[in-house]
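Peer 1: Before I ask anything, here is the structure I am working with.
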Number of protein chains: 2
Amino acid sequence: MSVLGRSAARALFAAGRVARLATVDAEGRPHLVPIVFVVDGETIYSAVDGKPKRTTELRRLANVVANPAVSVLVDHYDDDDWTALRWARADGAGRVLPPEHPQARAAVDLLVAKYRQHARERPAGPVLAVDVTRWSGWAAAEPMG
Amino acid sequence: MSVLGRSAARALFAAGRVARLATVDAEGRPHLVPIVFVVDGETIYSAVDGKPKRTTELRRLANVVANPAVSVLVDHYDDDDWTALRWARADGAGRVLPPEHPQARAAVDLLVAKYRQHARERPAGPVLAVDVTRWSGWAAAEPMG
């Protein structure tokens, strides 16, 4: 196994299609949801659906306002080959951007370019930005040869 | 889309092969790692590798001791079909079992039965047990027909 350096971890993370976002509420309880995302520089962006004000979406935003510390994980799992296991994690500070914020618009453009499904229905809600302070990761030993 | 009830969420969770575990440290910062796991009753078990005392493994255990509130997520993502997206989450309290604890031995038996790779190398370290207080989940709308 090997610990990934910052740039390898960032590259592995950015190549992911789905990530998991952990936030913490005011009482210190974690909250966890899957997200689609883009990485732009040292910031991760994900969009919140503008239409139904789902509890889970409001919760992640309220948590970030109460406690900006977040962790986001991309991983690769293979049931048949545990030497292929790897993951990358981004730790940082979250902030909520209203839909009309220029950074939110730019982030949604990137999301639309990355995800065909977002292109079919452009996200209209707030954008969660995570300013990453640490990229880390781990990969199982590559098979020899 | 539909919100999953407790039993549907639990079933979706238990069928997963990989999950993501969120713990929180004493300063309120989240920590996130992928885990393999089993569900037995209302408890989730995962093993910590007994050999290399990796920082990330020690961290999750230290966090649970400092703050037992944890969240664990199983999700299914399909780039081509967002109507197939679904996830299940378990929120509960974590506790660390030493390898020789009867519950730890029983959990490792279940892990070995579920994962061929664990069978090849039986986990020898502590076991993290999560007593689940809430199963929740979400599924995108099923395609018609």
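Peer 1: Tilt of helix B:55-66 relative to the longest C-alpha principal axis of chain B, in degrees (0 to 90, nearest 10)?
Peer 2: 90
Peer 1: Determine the shielding of peptide B:70-77 by partner chains: average, over its residues, the number of Cβ atoms on other chains within 10 angstrom of each Cβ.
Peer 2: The shielding value for this peptide is 5.
Peer 1: I need the Kirkwood Rh of the protein assembly as shown: take the reciprocal of the average 1/r across all distinct C-alpha pairs and report it in angstrom.
Peer 2: The answer is 19.4 Å.
Peer 1: Shortest first and in nm to one decimal, what separations exist between A:Asp78 and its copies in the other chains, measuring from label points 7 Å along the Cα-to-beta-carbon line?
Peer 2: 2.3
Peer 1: Run the label-point distances for B:Glu42 please: 7 Å along Cα to Cβ, every other copy, nanometres, shortest first.
Peer 2: Ordered by distance, the counterparts are at 4.5 nm.
Peer 1: Rounded to the nearest 20 debye, what is the charge dipole size of region A:2-138 about its Cα centre when +1 sits on each Lys and Arg Cβ and -1 on each Asp and Glu Cβ?
Peer 2: So the magnitude is around 340 debye.
Peer 1: Follow-up question, since we're still on this one. Just how large is the dipole of the protein assembly as shown about the Cα centre, in debye to the nearest 20, putting +1 at every Lys and Arg Cβ and -1 at every Asp and Glu Cβ? Please list the in-between numbers first.
Peer 2: Values: 38 positive and 34 negative charges, 59 e Å.
The calculation lands at about 280 debye.
Peer 1: Using helices alone, what [θ] at 222 nm do you get for chain B, with -39,500 (n - 2.57) per DSSP H run of 4 or more residues, divided over all residues and rounded to the nearest 500?
Peer 2: -8000 deg cm²/dmol
Peer 1: Is there a simple number for the mean count of other chain Cβ atoms within 10 Å of the Cβ of residues in A:15-27, and what is it?
Peer 2: Mean shielding count: 5.
Peer 1: Could you compute the net charge surrounding A:Leu128? Neighbours are other residues with a C-beta less than 9 Å from the C-beta of A:Leu128; K and R count +1, D and E count -1. If you can, show how the numbers build up before the last one.
Peer 2: On the way: positive: A:Arg60, A:Arg95; negative: none.
Here the charged neighbours net out to +2.
Peer 1: Show me the ranking of peptides B:59-67, B:117-125, A:82-90 by mean Cβ neighbours inside 10 Å, starting with the highest.
Peer 2: Put in order of decreasing packing, that is A:82-90, B:59-67, B:117-125.
Peer 1: What translational D, rounded to a whole number of µm²/s, comes out for chain A from Stokes-Einstein when the hydrodynamic radius is the Kirkwood one over Cα pairs, at 4 °C and 1.567 mPa s?
Peer 2: 82
Peer 1: Grab the other residues whose beta carbon is less than 11 angstrom from that of B:Arg20, score K and R as +1, D and E as -1, and report the net.
Peer 2: Here the count lands on +1.
Peer 1: What number, in percent, do you get for the relative contact order of chain A if the mean sequence gap of Cα pairs under 8 Å and at least 6 apart is divided by its residue count?
Peer 2: Contact order relative to length: 34 percent.
Peer 1: Using only Cα atoms, tell me the angle between helix B:102-114 and the longest principal axis of chain B; keep it within 0 to 90° and round to the nearest 10.
Peer 2: So the inclination is approximately 50 degrees.
Peer 1: Given label points at 7 Å from Cα along Cα→Cβ, what nm distances, shortest first, separate B:Ala141 from the same residue in every other copy?
Peer 2: Those separations, rounded to one decimal, come out as 5.1 nm.
Taken together, the values in this text are just the output of simple stated rules run on the coordinates, not laboratory data. Here the structure is a predicted model, which means the values were calculated and not measured. Note that we place each Cβ from the backbone using ideal geometry, even for glycine, and neighbour counts take in every protein chain shown.
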